[in-house]
Amino acid sequence: YTLLFDKRYQEKDSVISSIHTKVKGVAQTDKWIWDTAEYTIPMQASLKLMSMQYLTSTYTFRCFSDNPFANDFCSSDSSCIKDSVDQQSNGIRTGRCVNYNATVKTCEIMAWCPVESQKAAPVPAVLKSAENFTVLIKNNIHFPKFNYTTQNIPQNFNASCTFNKITSPLCPVFRLGDILQAANQNFSEMAVEGGIIGIEINWDCNLDWMDHCSPHYGFRRLDDKSTSKYPGFNFRFAKHYKQQNGVEQRTLIKAYGIRFDVLVFGTAGKFDLIELVMYIGSMISYFGLAVFVIDLYISYCSCCKSPVRIYHYKKKYETVQNPRRVMYVSYVDKPHFTLIKEPLGTSLQHAKGKVIESHPEKFSDSVGCCTGNSDKDSVMKGREMQPLRMEMAFTRARLEWCHCGKCQKTEKLHEQLCCRREEGKCITTSPLFERLVLSRDNLKDALLYKEPFLDLNSRNVNDKLRRCAFKQYIHWRFGSFDLEDRAVIPSCCRWKIRNTYPKDGGNYTGFKAI
């Protein structure tokens, strides 16, 4: 709809315009015949039509005392600055303080005498019959981008026509009374104090079809008639002459009238392939946004029932059999953990991976208790180390991938993982493993921290403690719970936790935090 009816496939250009007006009409008053030269004052893009004027007085240029106002009272000549002008004054001060009357002194001014008196506009208006006058508006427009020029006067123009919104919508001749009526104004009332009327000419041109470029006219009042202090529209002008004795005089005329401002605006459009392609591209992006909004609505809106969400989930996601997985392993004698991708061609212990993170503080905390480099280990008696060496040698004879002597035999490659990369003490023998991973009190506190009212006397409490111990180990060795689903727990640690918190029946599945 927007593409076709709003013409979004077109390139647009703004109008350049010129205006010329001509008024016709003659009116008669008691003492005068008013023709076009008497009551019109032409201006660019506007027209001033005097509906009434009156002579304020005949003035002579001389010195006299100014009308009194707040800043004009004086007591001596020093109070009146020569050649100064006050906004409320009627002339230029001469520097003298003179008597305005028997009790008041004001500054003398050089001005047209006498001062204009404030009078209300006479009622009714002098040219109240001007509503029958007509005005011809000539409007020439140009669209430079398309090099297109036209005007509002039709080729078959009939000079006797008068604008009518229904019968003659293209006629450029307007009756003044009809203009004010279309603007919801009364001509007789508005002619008394004047006002400003806007004549709007709107050009909406479709240059794909040469005959689809014609003006549309509108009318409205522009000034605020509710303003009480300076209502309507008026202006003053003077006519000068000299008497026989050489004294120059002037006649000041205050005129009230209606000013017509012609406002021209509009655009022209013409087919452009680039505009069409750009708009279609933007609309396609909106379709993508619609998919996102619908998906968000179905996934999170409480109005959608559960079967709808399940169906949407099945259609949105595809289940992949035996997906390529990644695993993270950590060794107690290495200051980092390693990312290893499946499938495995050898045991997980011997698989090559990528070092992705280093934890020197973690490594330094645990290496001292498991590497045998402490002073206590250096003075350990030979009879205390002999059983450990025999156990490790026996285990290596069975399991090539075990270096701590505590791992259990398994045929699954992804379960063949030891806590060490090189030969040494098992991490399960360290005091930290006992306190951080196996401590029943610490594990209970961790469970109650998440579920304060958890029943720790139930039959399956060992299952909860075992899973919690796995998580504690991952957080200790990998520094975060975020790797819980991908971190692999060594065989020795896994079986140490399982033996401490056994499962009923002894059937275990999985090799991670299960």
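The values are calculated or read from the model by the stated rules, or taken from the named source; none is laboratory data. None of these values were measured; they are calculated from a predicted model. Cβ placement follows ideal geometry from the backbone for every residue including glycine, while neighbour counts extend to all protein chains displayed. For the accessible areas, the whole protein counts, side chains as well, though only heavy atoms, and no ligand, DNA or RNA atoms are used. Shrake-Rupley method; radii C 1.70, N 1.55, O 1.52, S 1.80 Å.
Some values worked out for this structure:
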quantity	calculated
Per-residue SASA entry for Phe237, accessible area with 1.4 Å probe, Å² rounded to 10	60
Nearest-0.05 FRET efficiency for Lys316 and His20, computed from C-beta distance (R0 56 Å)	0.25
The stretch 221-274: C-alpha gyration tensor shape, a/c 1.5 cut-off, then a/b vs b/c	oblate
Solvent-accessible surface (1.4 angstrom probe) belonging to Arg421, in square angstrom, nearest 10	80
Within the stretch 431-514, chymotrypsin sites (Phe, Trp or Tyr not before Pro) in DSSP loop having at most 16 other beta-carbon neighbours inside 10 Å	Phe453, Phe481, Tyr508
Simple spin-label estimate for Ser188 and Val308 in nanometres, 7 Å along Cα-Cβ	6.6
Met283 - accessible surface, heavy atoms, 1.4 Å probe, Å² rounded to 10	60
Those lysines that a straight Cα-Cα span of less than 29 Å connects to Lys444, excepting residues fewer than 8 apart in one chain	Lys362, Lys406, Lys425, Lys464, Lys471, Lys496, Lys503, Lys512
Accessible area in the full protein assembly, largest first, 1.4 Å probe, for Asp455, Asp35	Asp455, Asp35
